[in-house]
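Following: one structure in structure tokens, then a few remarks.
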Amino acid sequence: MKTLRPIITATAIILASALTMTSCYNSSKAPSDANDEASEETAQKATPLGRPSSIPYTVAENYFIKNGANLPDNHKITDKDTFNSIFGMATTMGENGKPTEIDFDKNFVIAVETGPVQKETTLTPEYLINHHDGKLVFHYAIKQGEDISYTIRLVLIIIVDKNLENMPIKLVSHS
């Protein structure tokens with residue numbers, strides 16, 4: 001039972017971080033986007049003035065990285081089998097306890113992780129843009145707090161429209 005305590009504690013922290021990420025997502029917008037909604041046309045290409053356009057996404061909740069699994073180098077996962085080989089479901093009780101459903105016929109995911117850390121840590125999505133250089137650029141924040149007595153490996157997963165899956169991805173982290 002003593003060996004399970006760090007795992008249970010780490011799982012609780014991961015779930016709390018996921019809830020924090022969801023609440024932060026609702027207020028995040030690309031700084032250069034004046035519209036609340038990005039049209040399908042806007043999502044496909046940068047604006048004529050060369051400014052990046054905002055891309056809508058959904059945060060996938062209640063997933064964890066399986067022991068020994070690694071994210072792809074391009075941080076992109078385009079099929080269910082690959083996703084299931086990397087991630088496990090962290091179902092909890094309550095109305096929002098089920099993992100977010102992902103339809104890989106219509107979507108793909110971008111995933112980022114902290115790697116092993118021994119600090120209170122949160123990963124928060126900021127925005128996703130279609131940059132004028134033809135890349136999807138995902139901005140996210142990493143915040144670290146106090147030291148903890150165990151190691152955790154946090155992950156942030158966003159679900160993006162499949163029409164954009166062939167675009168290269170660039171990650172930008174902010175501390």
Only one of ASP103, ASP81 is within 14 Å of VAL59 (Cα to Cα) and not hydroxyl-bearing (Ser, Thr, Tyr); which?
ASP103
Would you mind finding the one in HIS139, HIS132 that is surrounded by 14 or more Cβ atoms within 10 Å (Cβ to Cβ) and either under 11 Å from the mean Cα position of the chain (by Cα) or closer than 12 Å to LEU171 by Cβ (or both)?
HIS139
Out of (1) polar (S, T, N, Q); (2) free of Cβ contacts under 8 Å to residues at least 24 places away in the same chain; (3) under 19 Å from ASN163 (Cβ atoms), the odd one out for ASN70 is which?
(3)
Just to check your reading of the model, which residue among SER173, SER149 is closer than 28 Å to LYS80 by Cβ and out of contact with any Lys or Arg (no Cβ under 7 Å at 6 or more places or on another chain)?
SER173
For ASN62, work out the one condition from (1) free of Cβ contacts under 8 Å to residues at least 60 places away in the same chain; (2) closer than 23 Å to ILE169 by Cα; (3) touching a Leu at 6+ places or on another chain (Cβ under 8 Å); (4) of a type in the set (S, T, N, Q) it doesn't fulfil.
(2)
Condition first: closer than 24 Å to ILE169 by Cα and over 15 Å from the mean Cα position of the chain (by Cα). Now tell me which residues in region 89-105 satisfy that.
ASP103, PHE104, ASP105
Within region 149-171, can you find the residues that are without any contact (Cβ under 8 Å) to a residue 60 or more places away in the chain and either under 10 Å from the mean Cα position of the chain (by Cα) or buried (at least 16 other Cβ atoms within 10 Å of the Cβ) (or both)?
MET167
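No lab work stands behind these numbers, since they all come straight from the coordinates. What you see is a predicted model, and the numbers here were worked out from it, not measured in a lab. So basically every Cβ, Gly included, is an ideal-geometry build from the backbone, and we count neighbours across all protein chains shown.
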